[in-house]
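Colleague: Sharing a structure with you now.
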Amino acid sequence: MGSVMSNSNKKQTAEIINPGLGDIEKVRDILFGKYVSNFEQRFADLESRLEADVEELKKRLSDKISSMDGAVNESLARLDTQIAAEKNNRDAELKSLHDSLKNAEQALQHSIGLMEDQANQDLAAVRASLEESHQELLDQTSLVQAKLVSDLEKQKEELQSDKVGRQSLALMLDEVAVKLRGS
């Protein structure tokens, strides 16, 4: 029996030294069973807590992203509204400026028209004055010419009467000379 026992002891020792896969778990359970199950429980708790924390973080992150999307969309909507209002203001200012320029152009055209009319009136007055002055000059020239012609006629007549007087005088002197010679 001693030899049977020693044989069976050897077998158990050999199985302990070189156990099979199923036996390793048994040995482990025997040696570390209490600790392993405690560690496994702790790992399971830790894993479930980590999963819960990860899910909580995912939820928070999703909420934050949704909140940020909402805030960004709201900001973009406000910016769009401000841009539209600014565009409307600029369009109104541009239209006002365009209307002002159009009114200024019309006023300028009106002023230019008035100035042209006034210039035409002034030019017509100057032409009329020049024509009147020209006519007066022609009239004065005609009067001076008539007076000169009249004066020339008078001088001609005087010269002719002087000439007749000279001729008479010459004839008379001839007669006097003839009588003086003859006497």
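Since every read-out is calculated from the coordinates, none of them should be taken as a lab result. Because the structure is a prediction, the values reported are computed rather than measured. Note that we place each Cβ from the backbone using ideal geometry, even for glycine, and neighbour counts take in every protein chain shown.
Colleague: How charged is the neighbourhood of VAL149? Take every other residue with its Cβ under 13 Å from the Cβ of VAL149, and add Lys/Arg as +1 and Asp/Glu as -1.
Modeller: The answer is 0.
Colleague: Using only alpha-carbon positions, what ratio does the radius of gyration of the range 101-152 give when scaled by 2.2 N^0.38 Å?
Modeller: After normalising by residue count via 2.2 N^0.38 Å, the value is 2.21.
Colleague: Check cross-link reach from LYS59 to the aspartates and glutamates: straight Cα distance under 16 Å, and skip same-chain residues fewer than eight apart.
Modeller: Leaving aside aspartates and glutamates fewer than 8 places away in the same chain, those within reach of LYS59 are GLU51, ASP69.
Colleague: Around ILE83, with a cut-off of 14 angstrom between Cβ atoms, what is the net charge of the other residues, counting Lys and Arg +1 and Asp and Glu -1?
Modeller: 0
Colleague: Right, another one. How large is the Rg to Rh ratio of the range 61-134 when both quantities use alpha carbon positions and Rh follows Kirkwood?
Modeller: 1.73
Colleague: Using all alpha carbons of the range 19-165, what is the percent of pairwise distances in each 10 Å bin, ordered from the shortest bin to the longest?
Modeller: Each 10 Å bin holds this share of Cα pairs: 8, 9, 9, 8, 8, 7, 7, 6, 6, 5, 5, 4, 4, 4, 3, 3, 2, 2, 1, 0.
Colleague: What is the sum of charges around HIS98, taking Lys and Arg as +1, Asp and Glu as -1, for the other residues whose C-beta is under 11 Å from the C-beta of HIS98?
Modeller: Result for the local shell: -2.
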